[in-house]
Structure formats: structure tokens, C-alpha cells
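Undergrad: Below you will find the structure I want to go over with you.
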Amino acid sequence: MMQFNVGTYTISMKYLFKRGNRNTYYYRRRVPKELAQHYPKPFIEISLKQSDRTVAAAVSQETHQMVEEQFERLRQGLPKNKILTNYQSALELLARHNLTEADAKADGQGADEAKDPFFDSLDDTIRAKSSEKDYTAFRYDEKPFPYHLLDDDQRAALAIAKGQFRLKASEYPAEYLRRKGKDKNRKNVNEANNAMTTFIKCCGDRSPAEYSRSDISNFIEVSSKTKKTATIHRQLKSITAMFNFVALELDIKADRHHCFEKFNIPNLGDDAVSREDFTQEHLLAIREMPPSKTLEIDCMIYLMLDTGMRVKECCGLLVSDVNLQAETPHLVLYKNNIRGLKNKNSQRLVPLVGAALNAVEKLISAATNDYLFPRYVHDSGDDVKNTGASGACNKRLKTLLGPSSPTCHSFRHTMQTRLRNTECPKEKRDELGGWAKDISDKYGTPSDLKLKAKYLSATL
């Protein structure tokens, strides 16, 4: 047991400990004997990833609650980790008993009779999984209703029928991603799960309406020790979107109103670090860069250098997107089946000049399939490896320019600076970078492409 003072109080943390050779704290406790078969070791030991003792104590308390919930589930004969309720599966279960969601929620004699086959099936499950003595006790309310004898779909369907269906915060990401059609996108899945997991670790796993403003304030305060304010803001906005969308779609009235609106993050954005532009010396060194063993990395750097495109935009290019025979060589950037775009304004025509033109010509000559950068397309053909591409490009730039080199995303900011220096109008700069809100009437015409290529050439 660890004890420490906070003001005039002494706090005892039973399961908090710290190794002598480590800076971070751990949660450690013995597994109860009756549950030992469910764990690989007699002790549970979880790194809290905190070096601040006060913060570690708070995280330890949340971890303790999670472990206690695992123990309770195991004692009820349920899986150790909570299985996310599949709302759609629950509806399918009701449908097998000729019930729609509306039928299941309806009241009245006729409605109750329609639900009898469903309730009879639950009764059959309970009878089959319990002794005659226990079953009789359940029926006469001498024991609590045995929810633990039902599977997840049965419990969810029963909750829908009783108008009590709710989801814990941990269940929202999966339902949100599935309904949005983003459950196959690795980046979206990771971002949604990371945001919710981080919040739950700090504030516990409850239904949205059960959180208070103090929970949000505590999350902001704890997170600000290790994260930028913009990251905290993005995670809270993501959580809010999941709560709002899923509660509305599933008609969970109890959680339609929650406190995740108009939250305040002190000094939001003040800790942001502006991305550094590439200097003229940097740009010259990149243009004279000796070839590496990987053509795609070199060509991606050159393409970003003289177009200002994003890494992900480059990764998803197809050979058919390139038009080298046009009066103004260019590529067509649009959402396709292997990668989306950041927003609708990102769809555009990009003139090819300088190093970008040379790079695309080399890629076309070396192409063996439909992709311009096949190395950075997943084998499934439904997503791109933009994180890997970004890391490879950044590594190449650091090798060339030194450890303080700007990242490859800085090509976009540098291109804006280069275009401003050529007195390129803002609307053209925005169109070239994919930031334009209103596309000009001449957008995509040969004369418009020629004009944009003129400004890009002037940056060389």
C-alpha cells in the first residue's frame, strides 16, 4: 500500500506501486483464487503510464474499477472483457420472432401477445441453464432476474423491448463506425477508439448522460499534462460526434442530452507549434538529392515538393489519373476506392512542373499495375499506407538535411510561401492546395491549367 500527502490529507492507495528502477507507476493486485484460471499469472500488473503520483492515483482508481468489473463479470459466468452490444444483431433476433423495433417497444394487450414468443424463448434459455430450484426462485422474484444466463443479443433485445436500451461509452465507437461505413478504415477506427479509450481511462465507462461537466474538466486537466490543447479538443469533438449520432440513430432518449457541448479548453491553440518551411538551401539540396534504393520514396518527395500535395493524396494516385499528353501535363485528384480526400475542396486538377513532372514520368515508365505508388497501397486494395509513406519520406529528408529537417507535410506550407512570393492570387493558391471553398468558372479548363502551371513554374 502506498501513502502520500495531498495538502493536509494522507491518501492510501492499496494497489498503486512503483518499481525502484522505473519512473512510471503500476496497478498491481492478486487475482482471487476462484478466478485464477482466467488469468495467466497470479497477479494483475498494469502500467499506468504516469510519472506524476497524483495523476497515477486517479488512473489507478479507474483501473481498479475496470478490474473489479472484470471480476464481477467472471463471477456471473460472462466473458472477462465486455463484449460490445451489437444493436443490429439484437434487431435481427427480434425479427426472428416477427417483431420490429417498434413492435418490441409497443404497449397494450395486443402488443404484449405479439411479444410472447420472444419472452418464451428467453424463459427457455433461463430454464435450460439453471436448476429447477433457481428457476423457481427467479420466476417468483426471490432472486434477481438472471441476465447473466442470456447472451449479449438476448440482453440487448430485452433492453429494447423494455425501453431501457443504452450503451456504455466503450460501445459507441464500434456502432458509430459501422453506421458511418468507416469500420474498415484503419485510421478512422484507431482515432475513434483512441479518443474514447483515453476518456474512459480518465473518467470511467458510463452512458453519455451519466457524465458531468466536472468529468470533462478533469479529462481536460489530466490530458493537458501530456497533450496539446488542439489534440484534446479534437478528441472531445470526436466523442461528442459519436454520442450524438449513435444516440439519435438508436433513439436512446436517455442519452440524447449530455454535457459534451460547448466545452471550454483553457488557452486552446496557444501551445501550437507552427510548421517550419523548407529554406531555399533545403529545396536546392532536395532537388540535387542522389537517388536512393526506393524510387517511390524519391518520386513522392519530388511530387510533394513541386505540387504541395498531401502524402495520402500521393499514395492513392492511379496511373490513369495522369495526363502527360495534354497541353499542360497534369494529374486528376479525386476520391477513389483506395483513398478518400480530406474534404470536397481537395478534388482538383494539379499541373505538373519541374521535379514533380520528372518524378511522374519515371513512375509511369516503371508502373507494373494500376497504382502510381503500389508500395503504399494495402494488399486488400481498399486503403493506402500513408503513415508508412510519411515516415519513409521523413526519414529520407532527415538523412539528407539533418535531424532538424521539416517534415514532408511542410511541403504544403512551403508551397504556399513560394506561390505568395510569385504574387499568385489567393484564390489560385487555394485551388492548387485544395483549400478553395468556391471553385472558379474556369476551373479545369486548358487556360486555367496553363495559368496555374505558370505560377507553379515561377516558384522553381
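The values are calculated or read from the model by the stated rules, or taken from the named source; none is laboratory data. What you see is a predicted model; the values in this text were computed from it and never measured. Cβ placement follows ideal geometry from the backbone for every residue including glycine, while neighbour counts extend to all protein chains displayed. Note: accessible area is taken over every heavy atom of the protein model, side chains too, but ligands, DNA and RNA are not part of it. Shrake-Rupley method; radii C 1.70, N 1.55, O 1.52, S 1.80 Å.
Undergrad: Got a sec? Which of R234, R256, R186 is touching a helix residue (DSSP H, G or I) at 6+ places or on another chain (Cβ under 6 Å) and either closer than 21 Å to K49 by Cα or open to solvent by 20 Å² or more (accessible area, probe 1.4 Å) (or both)? Lay out the reasoning, then the answer.
TA: On the way: R234 fails: touching a helix residue (DSSP H, G or I) at 6+ places or on another chain (Cβ under 6 Å); R186 fails: touching a helix residue (DSSP H, G or I) at 6+ places or on another chain (Cβ under 6 Å).
R256 is the lone residue from the list that is touching a helix residue (DSSP H, G or I) at 6+ places or on another chain (Cβ under 6 Å) and either closer than 21 Å to K49 by Cα or open to solvent by 20 Å² or more (accessible area, probe 1.4 Å) (or both).
Undergrad: Of all residues in segment 98-110 being open to solvent by less than 40 Å² (accessible area, probe 1.4 Å) and at pLDDT 85 or above, which is farthest from I252 (Cα to Cα)?
TA: Restricting to residues being open to solvent by less than 40 Å² (accessible area, probe 1.4 Å) and at pLDDT 85 or above, the top hit is L99.
Undergrad: Taking segment 12-65 as the region of interest, how many residues are β-branched (V, I, T) and farther than 22 Å from T226 by Cβ?
TA: Result for segment 12-65: 2.
Undergrad: Which of the residues belonging to segment 189-231 are of a type in the set (S, T, Y) and either closer than 20 Å to A57 by Cα or surrounded by 17 or more Cβ atoms within 10 Å (Cβ to Cβ) (or both)? Walk me through it before giving the result.
TA: Start the filter on segment 189-231 by keeping residues that are of a type in the set (S, T, Y), which leaves 197-198, 207, 211-212, 214, 217, 223-224, 226, 229, 231.
Across segment 189-231, the qualifying residues are T197, T198, S207, Y211, S214, S217, S223, S224, T226, T229.
Undergrad: Looking only at segment 378-387, how many residues end up being open to solvent by 40 Å² or more (accessible area, probe 1.4 Å) and not in a loop (DSSP other than H, G, I, E, B)?
TA: Total satisfying the criteria: 1.
Undergrad: Further question: Is it the case that segment 277-290 has a residue that's touching a helix residue (DSSP H, G or I) at 6+ places or on another chain (Cβ under 9 Å), aromatic (F, W, Y), within 23 Å of L432 (Cα to Cα) and not in a helix (DSSP H, G or I)?
TA: yes
Undergrad: Condition first: assigned to a strand (DSSP E or B) and within 21 Å of H409 (Cα to Cα). Now tell me which residues in segment 345-372 satisfy that.
TA: R348, L349, V350, P351
Undergrad: Cβ-Cβ distance below 8 Å, separation of 6 or more or different chains: which pairs start in segment 370-399 with a residue that is under 21 Å from D277 (Cβ atoms) and end on one that is among the polar types (S, T, N, Q)?
TA: Close Cβ pairs satisfying both conditions: S390/T407; N394/S405; N394/T407; R396/S292; L397/S405; L397/T407; K398/S405.
Undergrad: Which of the residues that make up segment 423-435 are in a loop (DSSP other than H, G, I, E, B), under 16 Å from K450 (Cβ atoms) and either out of contact with any Lys or Arg (no Cβ under 9 Å at 6 or more places or on another chain) or among the aliphatic types (A, V, I, L, M) (or both)? Walk me through how you get there before you give the answer.
TA: Taking segment 423-435 first, the residues in a loop (DSSP other than H, G, I, E, B) are 423-425, 434-435.
Checking the rest, the ones that are also under 16 Å from K450 (Cβ atoms) come to 424-425.
Passing the criteria: only P425.
Undergrad: Against the definition (at pLDDT below 90, among the acidic types (D, E) and surrounded by 10 or more Cβ atoms within 10 Å (Cβ to Cβ)), how does D271 come out, yes or no?
TA: Yes; evaluated as a whole, the condition is true for this residue.
Undergrad: Given the condition in contact with a Lys or Arg (Cβ under 6 Å, 6 or more places away or on another chain), closer than 20 Å to Y334 by Cβ, modelled with pLDDT under 90 and among the hydrophobic types (A, V, I, L, M, F, W, C), answer yes or no: does some residue in segment 437-457 qualify?
TA: no
Table: residues versus (1) farther than 25 Å from K182 by Cβ; (2) buried (at least 20 other Cβ atoms within 10 Å of the Cβ); (3) not acidic (D, E).
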residue: K312; (1), (2), (3): no, yes, yes
residue: C315; (1), (2), (3): no, yes, yes
residue: Y334; (1), (2), (3): no, no, yes
residue: N369; (1), (2), (3): yes, no, yes
residue: H409; (1), (2), (3): no, no, yes
residue: T414; (1), (2), (3): yes, yes, yes
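Undergrad: Tally up the residues in segment 237-253 that are exposed (fewer than 15 other Cβ atoms within 10 Å of the Cβ) and in contact with a His (Cβ under 8 Å, 6 or more places away or on another chain), please.
TA: So the answer is 0.
Undergrad: Still on this structure: Which of the following residues is within 29 Å of the chain's Cα centre (by Cα), in a helix (DSSP H, G or I), of a type in the set (K, R) and under 15 Å from L317 (Cβ atoms): R412, R396, R375?
TA: Exactly one residue qualifies, and that residue is R375.
Undergrad: If you take just the helices (runs of 4 or more DSSP H) that sit entirely in segment 83-180, which of them hold at least 2 residues that are small (G, A, S) and without any contact (Cβ under 8 Å) to a residue 24 or more places away in the chain?
TA: Values: elements: 87-95, 101-105, 109-129, 132-139, 152-161, 172-180.
Filter on segment 83-180 gives 109-129.
Undergrad: Starting from segment 182-194, keep only residues that are within 13 Å of R339 (Cβ to Cβ), then list their pairs with residues that are loosely packed, with under 13 Cβ neighbours inside 10 Å whose Cβ atoms are within a distance under 8 Å, requiring at least 6 positions of separation or different chains.
TA: These pairs meet every condition: K184/D382.
Residue-wise test of (1) acidic (D, E); (2) under 21 Å from H330 (Cα atoms); (3) in contact with a strand residue (DSSP E or B) (Cβ under 9 Å, 6 or more places away or on another chain).
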{"site": "V384", "(1), (2), (3)": "no, no, yes"}
{"site": "N394", "(1), (2), (3)": "no, no, no"}
{"site": "T399", "(1), (2), (3)": "no, no, no"}
{"site": "K428", "(1), (2), (3)": "no, yes, no"}
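Undergrad: Just name the residue that is nearest to T197 (Cα to Cα) out of those in segment 36-59 that are surrounded by fewer than 16 Cβ atoms within 10 Å (Cβ to Cβ) and among the small types (G, A, S).
TA: Here the residue is S47.
Undergrad: Please verify whether T24 is more than 22 Å from L149 (Cβ to Cβ), at pLDDT below 85 and among the hydroxyl-bearing types (S, T, Y), treating the condition exactly as stated.
TA: In short, no.
Undergrad: If we scan segment 284-294, do we find a residue that is of a type outside the set (A, V, I, L, M, F, W, C), more than 29 Å from A355 (Cα to Cα) and modelled with pLDDT under 90?
TA: Checked against the condition, which is being of a type outside the set (A, V, I, L, M, F, W, C), more than 29 Å from A355 (Cα to Cα) and modelled with pLDDT under 90, segment 284-294 yields no hits at all.
Undergrad: Another question, if that's okay. Somewhere in segment 380-392, is a residue among the polar types (S, T, N, Q), at pLDDT below 85 and farther than 17 Å from V311 by Cα?
TA: Checked against the condition, which is being among the polar types (S, T, N, Q), at pLDDT below 85 and farther than 17 Å from V311 by Cα, segment 380-392 yields at least one hit.
Undergrad: Follow-up. Just a yes or no: is a residue in segment 144-153 modelled with pLDDT under 85 and on the phi > 0 side of the Ramachandran plot?
TA: No, that holds for no residue.
Undergrad: Sticking with this one: Quick check on my filter: what residues within segment 245-268 are free of Cβ contacts under 8 Å to residues at least 12 places away in the same chain and in a helix (DSSP H, G or I)?
TA: L248, K253, listed by residue number.
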